[in-house]
1. Can you confirm whether residue 302 is closer than 18 Å to residue 147 by Cα and open to solvent by 80 Å² or more (accessible area, probe 1.4 Å)?
2. Can you tell me which of 71, 24, 36 is open to solvent by less than 70 Å² (accessible area, probe 1.4 Å), closer than 21 Å to residue 142 by Cα and either of a type in the set (Gly, Ala, Ser) or touching a residue at least 40 places away in the same chain (Cβ under 8 Å) (or both)?
3. So in segment 208-224, with the set limited to residues that are more than 14 Å from the ligand (Cβ to nearest atom) and not in a loop (DSSP other than H, G, I, E, B), which one is most open to solvent (accessible area, probe 1.4 Å)?
4. Among 183, 170, 109, which is the only one that is touching a residue at least 24 places away in the same chain (Cβ under 8 Å), in contact with a Phe, Trp or Tyr (Cβ under 9 Å, 6 or more places away or on another chain) and open to solvent by 50 Å² or more (accessible area, probe 1.4 Å)?
5. Which one of these is of a type outside the set (A, V, I, L, M), open to solvent by 10 Å² or more (accessible area, probe 1.4 Å) and without any contact (Cβ under 8 Å) to a residue 24 or more places away in the chain: 114, 135?
6. Taking the criterion of being β-branched (Val, Ile, Thr) and over 24 Å from residue 326 (Cβ atoms), would at least one residue in segment 22-44 satisfy it?
7. For residue 96, state whether it is among the hydrophobic types (A, V, I, L, M, F, W, C), surrounded by 15 or more Cβ atoms within 10 Å (Cβ to Cβ) and either part of a strand (DSSP E or B) or not assigned by TED's automatic domain parsing to the domain that holds residue 322 (or both).
8. Looking only at segment 13-64, which residues are in contact with a Pro (Cβ under 8 Å, 6 or more places away or on another chain) and in a helix (DSSP H, G or I)?
Amino acid sequence: MSSSTEPVHLWLRAETKKNERRTALTPTVCKKLLAAGFKITVEKCTERIFKDQDYVDVGCELVETGTWRTAPADAYIVGLKELPENDTTPLPHKHIMFAHCYKQQGGWKDVLGRFDRGHGLLLDLEFLQDDKGRRVAAFGYYAGFAGSAIGIDVWSHKQLNGDEKYPTAKPFEHENDLIKFVKERLDAAAKKAGRLPRVMVMGALGRCGTGAADFARRVGIPEENIIKWDMAETAAGGPFREITQHDVFVNCIYLSKPIPPFLTKDLLAEKDRPLSVLVDVSCDTTNPHNPIPVYHDATTFDEPVLVVDVPNAAPLDVVAIDHLPTLLPREASEMFCSDLLPSILELRDRKNARVWTDAEKLYQQKVQEMKQAL
Ligand SMILES: NC(=O)c1ccc[n+]([C@@H]2O[C@H](COP(=O)([O-])OP(=O)(O)OC[C@H]3O[C@@H](n4cnc5c(N)ncnc54)[C@H](O)[C@@H]3O)[C@@H](O)[C@H]2O)c1
């Protein structure tokens, strides 16, 4: 159903953001796209979880890192994360990526200005929606899965090593490696503590929440120890003492409107409260309506845990990493790309594909906002 005889040309650029091992196009998906008549060029990349050769093996053309700037004018430049901030040159291509510039984030006018000056086009992955207004592809499941993994492992670490600092977290090659690692430590910790932890997941019906509960199951935590709350359970409004009665709390809600806090410092001050680990997958740290206002700084893979001191009670270990799916770059990329595939296939007739015409309209609207704000 191509509107032109030329194949759609996708150019997968190498990511430049530090520690980003995920990709917007996996070899599995490239193979399907090539079979559907696409042309795919892949930039060499040593960080990407998939090897350059994996792309060559399915039939992609391999080129040097960073050569997207001189790609043919009709190529779609595909990537995940932001382009390097220190580059201000105009962007003449069509880019498919998460540009993080539609919610007036820092530097948004500069980013949109580059597209506008170059007569390029931004088709932002965050805003590709199906006809029910849901995102066609997102990384949420593996964010919750990874957040739950780190949270449970921090609990184990505390049983096994007391107050010793929690070590740096590194991406795992495969999901099963992460499960094995966490499960072995959990089994040892549970033996020492005489019990398994109780894990409470907030926003349990969503993508992140589903991933968080699934991880707990995969390491052998029984269903009765996985407490799942969503809108119905919080309808009365917080704060909720129940949260402090579980060992690990994983917050996975999508905050769309102001709500009363789930947790306060006062609630944490309860002596002998079970809660010792908080994982804030939602990471609404800078939002004025942050429902977990007991800490203020995000954490990183280098230093995953922030210790919040609580007067007259035990401190609370907080994990608030805003790029959790990076812990499992292979599976997170595979899930994201396979969800994205139907939309990518529609690029063959982009001008008649609602998902892309909506994305283009949104881009035009954001460029107008940018011009008005200058
Ligand atoms: N830390 C990371 O690396 C990372 C990665 C991806 C997504 N996220 C964030 O995680 C959040 C959730 O994303 P998602 O894709 O799972 O969203 P989603 O829409 O799939 O799920 C959100 C869930 O939260 C529930 N919810 C909303 N308000 C609630 C409330 N007041 N009480 C109880 N439940 C409530 C909803 O009913 C829904 O089930 C988003 O803020 C997203 O930006 C973080």
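1. Yes.
2. When all the criteria are applied, what remains is 24.
3. This residue is 224.
4. 170
5. 135
6. Yes, because at least one residue in segment 22-44 is β-branched (Val, Ile, Thr) and over 24 Å from residue 326 (Cβ atoms).
7. yes
8. Scanning segment 13-64 gives 54, 55, 57, 58.
The values are calculated or read from the model by the stated rules, or taken from the named source; none is laboratory data. Everything numeric in this text was worked out from a predicted model, so none of it was measured. Positions of Cβ are backbone-derived with ideal geometry, glycine not excepted, and every protein chain shown enters the neighbour counts. Quick note on the areas: whole protein, heavy atoms, side chains included, nothing else; ligands and nucleic acids left out. Shrake-Rupley method; radii C 1.70, N 1.55, O 1.52, S 1.80 Å.
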